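Q: Please read through the structure below; I'll follow up with questions.
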Amino acid sequence: MLPLEKSRTVRVIADRPPRRRGAVVVLFAIFLPVALIMVAFAINLAYMELVRTELRISTDAAARAGGRNLAISGDTAVAAAVARDAAARNLVAGEPLQLTDAQLEFGNGMRANATSRYSFVAGGQHPNSLRVTGSRENTSLDGSVTLLMPFILGRQTFEPEQQAVSMQTEVDIALVLDRSGSMAYDASDNSFTSSPPSSAPPGWVYCDPAPPNSRWRDAVAATQVFLNELDNSATEELVSLSTYNNAAVINQELTNNYGAIMSALTPYTNSFCQGSTNVGGGIVRGTQTLTNTTTNRAWASKVLVVMTDGIHNTGLNPVTAAQTAHAAGVMVFSITFSAEANQATMQQVATTGAGKHYHAATGSDLVAVFQEIARSLPTLLTH
């Protein structure tokens with residue numbers, strides 16, 4: 001036999017593509033600058049939006065603070081100073097926002113009906129509004145804002161501007177006054193005694209004219225100051241009057257005739273009778289005047305001011321009444337007068353009604369409280 005041949009392995013080598021060393025480096029070199037520009041552009045956009053937000057916050061704060069001060073003081077110079085201070089307390093691009101006189105405009109804000117927008121008109125003898133223009137432009141005190149990644153797409157800075165208007169809105173107000181028996185006493189008297197009021201003339205009895213230094217006469221005087229403040233404001237406020245002892249009544253529906261409010265108080269001053277304290281009933285009556293679609297203004301803010309010198313002791317719980325008022329869109333301010341008043345409950349009434357509680361120890365304190373409330377009625381912030 002012939003010897004077997006050794007098998008041979010044939011190795012086939014496939015064709016290989018040519019090596020392209022450096023191709024990735026070339027692509028990287030081309031696209032890296034583009035990627036960096038896109039990243040820088042995104043960073044600038046995010047930073048610009050952040051600065052705009054900071055500027056909006058600062059401008060709103062200045063308008064709100066200045067507008068509120070204008071409503072309280074009526075002094076445009078003081079309101080402007082307050083607005084500048086509020087702006088400077090907020091940083092825009094890392095710097096306090098500074099405002100010039102030209103960026104603070106006083107004027108009047110108004111609207112014709114419930115569906116129209118508020119409009120601002122600069123100037124006027126009795127301004128009720130403040131328009132603030134917050135800006136970081138080349139001509140502003142702080143200058144323009146330098147971008148975090150300058151010179152991208154040829155830009156190094158940008159100049160944002162924001163504007164806000166704070167205006168005193170139209171307000172419908174319900175005054176609710178206590179005429180319970182204790183209101184015949186002086187603020188410093190103890191009404192829980194059988195002794196007559198300290199300022200009452202000899203032989204005085206209930207249903208005689210209210211004594212000279214009585215809490216009732218103090219309330220009447222404070223009401224007159226309150227109405228005087230409203231009469232001097234730049235907007236028109238409608239006012240209603242409700243009073244209560246054990247029974248609560250509406251004495252005057254909403255009106256712009258403030259003399260009618262004072263006239264409605266006169267019969268009680270001339271013949272002040274005894275009665276318990278139904279604070280809740282008074283709040284209910286006041287709320288009814290604010291929700292009366294015949295006399296109220298649908299677009300106006302609703303405010304109820306309830307005053308008592310004592311302790312609720314009959315009728316609906318005043319906190320429950322305040323809950324109902326708040327549900328109807330009414331803001332409730334509460335006032336306690338004299339050391340005998342239940343401040344804790346009336347504080348709760350104000351909290352429930354999203355308003356504020358005040359306490360007056362004396363007749364002069366009561367006048368000051370009514371004056372402060374009249375000067376701090378709701379303001380609206382618009383853009």
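Nothing in this text is a laboratory measurement; each read-out follows from the coordinates by a stated rule. From a predicted model like this one, the values you see are computed outputs, not experimental measurements. Cβ: placed from backbone, ideal geometry, glycine included. Neighbour counts: every protein chain shown.
Q: DSSP H helices in the chain with Cα extent of 30 Å or more along the helix axis and mean Kyte-Doolittle hydropathy at least 1.0? Spell out each step's value before the answer.
A: Values: long enough: 23-73 (75 Å, 1.26).
Answer set is 23-73.
Q: Highest mean first, how do 321-328, 64-71 rank when packing is the count of other Cβ atoms within 10 Å averaged over residues?
A: The packing order, highest mean first, is 64-71, 321-328.
Q: Amide H to amide H, which residues 5 or more places from Ser144 or on other chains are under 5 Å from it, using H placed in the peptide plane?
A: Asn138
Q: Between Thr362 and Phe31, what is the spin-label point distance in nm, taking each point 7 Å from the Cα along the Cα→C-beta axis?
A: For the pair Thr362/Phe31, the computed spacing is 8.3 nm.
Q: In Å, what is the Rg of the alpha-carbon atoms in segment 153-248, and how long is Dmax?
A: Every Cα atom of segment 153-248 included, Rg and Dmax give 24.5, 93 Å.
Q: Over segment 203-246, what lengths in whole Å, largest first, do the semi-axes of the equivalent ellipsoid take, defined as the square roots of 5 times the eigenvalues of the alpha-carbon gyration tensor?
A: 29, 13, 6
Q: Could you compute the FRET efficiency for Glu161 and Met262, with r as their C-beta to C-beta distance and R0 at 45 Å, rounded to 0.05?
A: Calculated value: 0.40.
Q: Long-range amide H contacts for Ala360: which residues qualify at under 5 Å (H placed 1.01 Å from N, peptide plane, sequence gap of 5 or more or a different chain)?
A: Thr336, Phe337, Ser338
Q: To continue, here is another question. Could you work out the helix-only [θ] at 222 nm for the chain, with each DSSP H run of four or more residues adding -39,500 (n - 2.57) and the total divided by the number of residues, to the nearest 500 deg cm²/dmol?
A: -12000 deg cm²/dmol
Q: Looking at Asn232, Ala325, Asn246, which one has the Cα that reaches farthest to the positive end of the dipole of the chain (charges on Cβ: Lys, Arg +1; Asp, Glu -1)?
A: Positive-most Cα among the choices belongs to Ala325.
Q: Now, a different point. Packing-wise, with mean Cβ within 10 Å as the measure, how do 161-173, 139-151, 360-372 rank, highest first?
A: The densest-packed peptide leads the list: 161-173, 360-372, 139-151.
Q: Within 10 Å of each residue's Cβ, count the other Cβ atoms and sort Phe41, Phe333 from fewest upward. If you can, show how the numbers build up before the last one.
A: On the way: Phe41 15, Phe333 26.
If I rank by nearby Cβ atoms, fewest first, I get Phe41, Phe333.
Q: Would you mind telling me the antiparallel percentage of the DSSP bridges in the chain, rounded to 5? Could the numbers behind the result be given before it?
A: Working: 29 of 55 bridges.
Close to 55 percent.
Q: Farthest toward the dipole's positive end in the chain, which of Ala368, Gly286, Ala46, given Cβ charges of +1 (Lys, Arg) and -1 (Asp, Glu) about the Cα centre?
A: Ala46
Q: Moving on to the next point. What share of Cα pairs, in percent, lie more than 25 angstrom apart in segment 171-382?
A: 31 percent
Q: What are the principal axis extents of the Cα atoms in the chain, in Å, biggest first?
A: Sorted from largest, the Cα extents of the chain read 157, 70, 39 Å.
Q: Place a point 7 Å from the Cα of Asn317 along the Cα-to-Cβ direction; which residues of segment 337-351 have their backbone N under 20 Å from it?
A: Hits in segment 337-351 for Asn317 at 20 Å: 342-351.
Q: Applying the Karplus parametrisation 6.51 cos²θ - 1.76 cosθ + 1.60 with θ = phi - 60° to the phi angles of segment 187-198, what ³J(HN,Hα) value in whole Hz is obtained for each residue in order, glycine and proline being reported as x?
A: Values, residue by residue: 4, 8, 6, 9, 7, 8, 10, 7, 6, x, x, 4 Hz.
Q: A follow-up question, please. Can you tell me the equivalent ellipsoid semi-axes for segment 37-176? Use √(5λ) from the Cα gyration tensor, largest first, whole Å.
A: 34, 16, 12
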